[in-house]
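Read through the structure below, which is laid out as C-alpha cells, and then see the notes.
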Amino acid sequence: MAKQTLKQFQTNTLGKTISGWSRTGGQCVDYVRKYIQLCLIGNTTDRTLGWISGGNAHDFFHNANPKYFKKIRNSPTYVPKPGTIVVLNHGTYGHVFIIRGDVKSTVRLMYTIEQNWSWPRHVTKEAHRFVELIGFLEPIVLPKVA
C-alpha cells in the first residue's frame, strides 16, 4: 500500500470518527496512530507500537522511538513542520494532534488536524497557541504534503 500524503489523509478523515487503538474509540491517540499507519508507514495492518509504545497521549513524547522521530522541546523560535505530531499535557490523559500542511503554522499559532478536541469526537481543523506543550515529534521522514 502506498503512503498517503498529508492532504489525502486530512481530506479522507475530516469530519469522521477514527477508532482502533483506545478502549472507547474516537480519541486523539486513535487519530495520530492512524496517521502514523497511513502516512508514515503506509501499511494498514501495522499497529504502530514499534513507532510509539503504549500509553496515554501525554506519554507519546517519552514513548516515541528515536529511530522514527526527532524529539523537539518548545522554543520561542520553533515553527513545527507539516506532519509533526504535537504532544500536550492537557487534562488527565494529555492530547496529541498533527500539524496541517494546508496552512503554515507560526511561532504564535499551530494549525492542526486532530480528533477529540471538540464534541462530538470527530476529526476537526483547529488552531492552538503554544501552551501546555510537552514537545514535538517530528518524523525523521516527513510525509509528502500534497
*Looking only at R33, R100, R121, which one moves most when the chain is put into a Gaussian network model with springs between Cα atoms under 10 Å?*
R121
*Return the lysines within reach of K34: Cα separation strictly under 22 angstrom, same-chain partners fewer than 8 residues apart disregarded; answer none if there are no such residues.*
K3, K7, K16, K67, K70, K71, K81, K125, K144
*Looking only at T13, T92, T124, which one moves most when the chain is put into a Gaussian network model with springs between Cα atoms under 10 Å?*
T92
*With r as the distance between the Cβ atoms of L109 and R73 and R0 = 22 Å, compute the FRET efficiency 1/(1 + (r/R0)^6) and round to 0.05.*
0.75
_Exposure proxy ranking, count of Cβ atoms within 10 Å, fewest first, for S105, S22, S53, S118_ = S118, S53, S22, S105
_Order of F136, F130 under a 10 Å beta carbon neighbour criterion, fewest first_ = F130, F136
*asked:* For a quick check, take a GNM of the chain with Cα springs below 10 Å and name the residue from Y111, Y93, Y35 with the largest mean-square fluctuation.
replied: Y93
*Counting each DSSP H run of 4 or more residues in the chain as -39500 (n - 2.57), what helix-only mean residue ellipticity at 222 nm follows after dividing by all residues, to the nearest 500 deg cm²/dmol?*
-3500 deg cm²/dmol
_I need W119, W21, W51 ordered by Cβ neighbour count within 10 Å, fewest first._
W119, W21, W51
*Correct option for Kirkwood radius over Cα pairs in Å [calculated from the coordinates] among (i) 16.5; (ii) 14.9; (iii) 15.9*: (ii)
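FYI, it's all coordinate maths here, none of it is from the lab. All values reported here derive from a predicted model rather than from experimental measurement. Virtual Cβ from ideal backbone geometry, glycine too; neighbours counted across all protein chains shown.
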